[in-house]
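Contents: one structure, followed by commentary.
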Amino acid sequence: MDYYIRFVDLPVSIKGITILKKDFYNVYINAGLSSEEQQKAIKHELTHIKREDFYSDAAIEDIENL
């Protein structure tokens, strides 16, 4: 499935978030992070896509702690 990475202003406490649309993912990365932190956030979000976490019934806390 395709994904699009977008750099946007997010609250300081949010490094990245991914939203599943019908046939693609929007990966939003905090534009205020350093380049290094942005790369870490991208890797984190892409891991969620790879593991298909969006189809899991697990609690978000459990998914984030894997």
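The values are calculated or read from the model by the stated rules, or taken from the named source; none is laboratory data. Fair warning: this is a prediction, and the values are worked out from it, not measured in the lab. Glycine gets a Cβ as well: all are built from the backbone with ideal geometry, and neighbour counts include every protein chain shown. These accessible areas exclude ligands, DNA and RNA; they are computed on the full protein's heavy atoms, side chains included. Shrake-Rupley method; radii C 1.70, N 1.55, O 1.52, S 1.80 Å.
Each row is one residue, and each column tells you yes or no for (1) at pLDDT below 95; (2) under 10 Å from the mean Cα position of the chain (by Cα).
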residue: GLY16; (1), (2): no, yes
residue: ASN26; (1), (2): no, yes
residue: SER35; (1), (2): no, no
residue: PHE54; (1), (2): yes, no
residue: ASN65; (1), (2): yes, no
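In a residue-by-residue description of the stretch 30-39, the property of being part of a helix (DSSP H, G or I), open to solvent by less than 50 Å² (accessible area, probe 1.4 Å) and touching a residue at least 24 places away in the same chain (Cβ under 8 Å) applies to at least one position. What tally of residues in the stretch 1-25 results from selecting those that are within 18 Å of ARG51 (Cβ to Cβ), loosely packed, with under 15 Cβ neighbours inside 10 Å and not aromatic (Phe, Trp, Tyr)? Counting residues in the stretch 1-25 that are within 18 Å of ARG51 (Cβ to Cβ), loosely packed, with under 15 Cβ neighbours inside 10 Å and not aromatic (Phe, Trp, Tyr) gives 3.
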